[in-house]
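Here's the structure, in structure tokens; my notes come after.
The values are calculated or read from the model by the stated rules, or taken from the named source; none is laboratory data. These numbers come from a predicted model, not from an experiment. A quick note on method: Cβ atoms are made from the backbone with ideal geometry, for glycine too, and the neighbour counts reach across all protein chains shown. For accessibility, only protein heavy atoms count, side chains too; no ligands or nucleic acids. Shrake-Rupley method; radii C 1.70, N 1.55, O 1.52, S 1.80 Å.
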Amino acid sequence: MINKTAQGNFRVRVKHKGKVVADKTFQRKGDAVTWESAMKRRIALGDWIDPRLGEEPLSDIATRWLEMRQKTVAGKTYQTDELMLRLHLSKNITRMPISSITVADIEDELLAASAKIARSSVVRFRAVLSALFEWAVRQRIVRTNVVKEAAVPLGTGVEEVAEVHPFTKAELFEVYDDLKTAGGKWADLALVLGITGLRWGELMALRPRDIQNVPYPAIRVSRSAPDGQPIRNTTKGGTARTVPLAEDLLPIFQDWMKGLRPNDLIFANAAGNRTGNKNWTRKVNWKKLNRGRRIHDLRHTAATLWLSSSVDPKTVQTWLGHASMTLTVDLYAHFMGQDADLAAINRINAALRETPRVPKIRRVDGNDR
């Protein structure tokens, strides 16, 4: 519907299901007709976006997205997302209506961030922005995710190095014995984490029904219980996976599952509730006995144990639940191929031992030649 105003302009009101969903004023009637046709076409095609929603500043949209995010992802993921947006979004772009933000605007934000942080962190920042805009598309706030077209610059920030400090196999069992002396049965959790590579939240969500014996002993990892959050029917990677259960762990699982029903939590306290990360560290005196490692280094221990035992990287990726083999290789490349390296070093040493050494000949005048 187009009406001429008292000022001589042309006001367009577009209705959908008897309700005005778009309202805009133009100086020229031709522009009003064109805009009205475009709005009606989008409604007919199911591509309708209420332009009033797109007028909200990015800061308000981000706040709503983070509120949703806090209920659907692990606590650490939420904290990283919130920190990325708070530290690296400029005040200028947060004040802009989300529908007005262009690819160039996003690339300016990425360029500014790349001067301060490593490129890997800029990539993570871009991923957070993309998730935010993708949510806005699903909510029909904007039509497209402009972040997808934004390129990540090379950057000048200092590259961050992923810290991987696994235990050796001998160290793992030594620490397990120490923890057992301090915390008794609760030390079992360290050995399970160090051999299965499960994340803490995945371990806390395990039930007897998740342990399979056919065709081989294994754990079906399909849930996660991040500290302070309800149990989620998904893992951090978003997909379920099967992790083989080593013989050393079978007695541990059998002991913990005695008397449990299929849906009970395996590693629960006396009241049947899961144990938080901090409570467990106190029970086993982890901070004193951990040899400078984090709990997450137990996951790294499992990965390096598998790779050093000649398990192929693709299988290790699957067992860890990594999204890509690139991530697995980037994290553990220097732990791969150790057998070949040792064999090569042994050959070099053998060759040096077998090389005849020419004795020096002492001349009559006392000079060597």
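Just name the residue that is farthest from Trp135 (Cα to Cα) out of those in the stretch 24-52 that are at pLDDT 75 or above, open to solvent by less than 70 Å² (accessible area, probe 1.4 Å) and not hydrophobic (A, V, I, L, M, F, W, C). Per the criteria, the residue is Gly30.
Is it the case that the stretch 56-66 has a residue that's under 25 Å from Pro226 (Cα atoms) and open to solvent by 50 Å² or more (accessible area, probe 1.4 Å)? Yes. Scan the stretch 77-104 for residues that are in contact with an Asp or Glu (Cβ under 9 Å, 6 or more places away or on another chain) and in contact (Cβ under 8 Å) with a residue 60 or more places away in the chain and the total you get is 0. Screening the stretch 67-83 for residues that are at pLDDT below 85 and open to solvent by less than 40 Å² (accessible area, probe 1.4 Å) and picking the one that is farthest from Thr239 (Cα to Cα) gives Gly75. Going by the structure shown, is Arg261 in contact (Cβ under 8 Å) with a residue 60 or more places away in the chain and either in a helix (DSSP H, G or I) or open to solvent by 70 Å² or more (accessible area, probe 1.4 Å) (or both)? Taking the combined requirement at face value, the residue does not satisfy it. When Ser121, Ser90, Ser100 are screened for being among the small types (Gly, Ala, Ser), under 27 Å from Thr72 (Cα atoms), open to solvent by less than 70 Å² (accessible area, probe 1.4 Å) and over 24 Å from the mean Cα position of the chain (by Cα), only Ser90 passes.
Is the stretch 197-220 home to any residue that is closer than 18 Å to Ala302 by Cα, in a strand (DSSP E or B) and open to solvent by less than 30 Å² (accessible area, probe 1.4 Å)? Yes, the stretch 197-220 has at least one match. Of all residues in the stretch 103-118, those that are closer than 18 Å to Val146 by Cβ, of a type in the set (A, V, I, L, M, F, W, C) and open to solvent by 30 Å² or more (accessible area, probe 1.4 Å) total 4. Within the stretch 105-122, the set of residues being closer than 13 Å to Leu87 by Cα, part of a helix (DSSP H, G or I) and touching an Asp or Glu at 6+ places or on another chain (Cβ under 9 Å) comprises Ser121 only. Applying the set (1) part of a loop (DSSP other than H, G, I, E, B); (2) within 22 Å of Leu191 (Cβ to Cβ); (3) open to solvent by 30 Å² or more (accessible area, probe 1.4 Å) to Thr235 leaves exactly one unmet item: (3). Looking at the structure I just gave you, is Asp210 at pLDDT 95 or above, touching a Phe, Trp or Tyr at 6+ places or on another chain (Cβ under 9 Å) and not small (Gly, Ala, Ser)? So Asp210 does not fit the description; no.
Note on the stretch 132-172: residues that are part of a helix (DSSP H, G or I), open to solvent by 30 Å² or more (accessible area, probe 1.4 Å) and either more than 22 Å from Glu56 (Cα to Cα) or modelled with pLDDT of 90 or more (or both) total 6.
Looking at the structure I just gave you, is Lys258 closer than 25 Å to Trp306 by Cα and charged (D, E, K, R)?
It is false that Lys258 is closer than 25 Å to Trp306 by Cα and charged (D, E, K, R).
Looking at Pro226, is it open to solvent by less than 40 Å² (accessible area, probe 1.4 Å) and out of contact with any Ser or Thr (no Cβ under 7 Å at 6 or more places or on another chain)? Spelling it out, Pro226 is indeed open to solvent by less than 40 Å² (accessible area, probe 1.4 Å) and out of contact with any Ser or Thr (no Cβ under 7 Å at 6 or more places or on another chain).
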